[in-house]
Amino acid sequence: MSPLTITSRDAATGPVLEITGDLDHATAPRLRVAVDGLTLAAGQLLVLDLAGLRFCDSSGITVLLAARNLAIEQDGGLALAAVPDNTARILRIVGLDRVFTIHPHAPASTAPRSAPC
C-alpha cells in the first residue's frame with residue numbers, strides 16, 4: 001500500500017491537484033476534503049494529475065466523480081491528466097472515459113487556450 005499524497009498548485013487554467021499513491025476506501029475521504037476546500041472561478045478548470053497514482057478502487061472513482069460534480073456546480077470544469085493504464089481501463093469499462101476529459105499529461109490540460117479569431 002502506497003500512502004496517498006495530495007499536492008496543490010495553481011496553473012493559468014485553475015487549480016491542479018497532484019495525486020500520488022493509493023486512492024481507495026481508506027484514502028478517498030482525504031481527496032474529497034481537498035476537493036471540497038477548493039473554490040473555482042467561473043470557467044476555471046480543476047485538473048487532477050494522476051501521474052503518481054498507483055491504485056484506484058471504486059471509492060476513488062466515486063471521489064473523482066464528486067470532484068467533477070463540484071467543478072460543474074461552480075461553473076468550472078474538471079480534467080484528469082496522466083491517468084495510469086489500470087485506472088484508464090476501469091474508466092473505459094464503466095463508460096466514464098466519455099464523462100471525464102482526459103489528457104495525456106498535466107501540461108496538456110493546463111496550457112492556456114487561445115481565443116478564437
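The magnitude of the dipole of the chain, with charges of +1 and -1 set on the Cβ of Lys/Arg and Asp/Glu and taken from the Cα centre, is near 180 debye.
Nearest 500 deg cm²/dmol is fine: what mean residue ellipticity at 222 nm does the chain get from its DSSP H runs of n ≥ 4 alone, each adding -39,500 (n - 2.57), divided by its residue count? List each step's numbers first, then the result.
On the way: 4 runs with 39 residues, N = 117.
For the chain, the value works out to -9500 deg cm²/dmol.
When the alpha carbon gyration tensor of the chain is reduced to an equivalent ellipsoid, its three semi-axes come out at 22, 15, 13 angstrom, largest first. Contact order, relative form, for region 5-110: 28 percent (alpha carbon pairs under 8 Å, 6 or more residues apart, mean separation divided by residue count).
No value in this document is a laboratory result; all are computed from the given coordinates. All values derive from a computational prediction rather than experimental measurement. Every residue, glycine as well, gets a Cβ built from its backbone with ideal geometry; the counts of neighbours run over all protein chains shown.
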